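Right, one structure below, let's go through it.
The values are calculated or read from the model by the stated rules, or taken from the named source; none is laboratory data. Remember, predicted model here, so these are calculated numbers, not experimental data. Cβ placement follows ideal geometry from the backbone for every residue including glycine, while neighbour counts extend to all protein chains displayed.
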Amino acid sequence: MDEKLQTCDFKRKQYQKLLITLELKVEYVYVLNDWFKKPEYKDVLDYINSVNCHYKFGKLPLAWLGLPE
C-alpha cells in the first residue's frame, strides 16, 4: 500500500487524458487514516503535495471540492 501513494501523479495524468473531452478538472485526493501521520510518511506526503495531488485525514471535506456538505 505504501508505494501506491507515490503513484498519484501518474494516475492523475491518466484521468486527465481520459476526461479531456469532458473538460473536467481532475483532482487526485487520498483520504488517509491516522496511520499515515507517522513521521516516516512525511517524505511521501510532501511528495504527494509536490506533484499537485492531495491528501486529507479521516474524511474528504466536500466543501473543499466545491460541493455542498
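Data for the structure
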quantity	calculated
Residue, surrounded by the fewest Cβ atoms within 10 Å (Cβ to Cβ), within region 10-42, restricted to residues that are among the acidic types (Asp, Glu) and more than 11 Å from the chain's Cα centre (by Cα)	Glu23
Options Tyr41, Tyr30: the member that is part of a helix (DSSP H, G or I) and hydroxyl-bearing (Ser, Thr, Tyr)	Tyr41
Exclusive hit being modelled with pLDDT of 95 or more and under 25 Å from Gly66 (Cβ atoms), set Leu45, Leu5, Leu24	Leu45
Residue in region 32-39 that is at pLDDT 95 or above and touching a Lys or Arg at 6+ places or on another chain (Cβ under 9 Å) present	yes
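Every residue, every condition in (1) part of a loop (DSSP other than H, G, I, E, B); (2) within 20 Å of Lys4 (Cβ to Cβ); (3) touching a residue at least 12 places away in the same chain (Cβ under 8 Å), yes or no:
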position	(1), (2), (3)
Leu19	no, no, no
Phe36	no, yes, yes
Asp46	no, yes, no
Asn52	yes, yes, yes
Lys56	no, yes, yes
Leu60	yes, yes, yes
Trp64	no, no, no
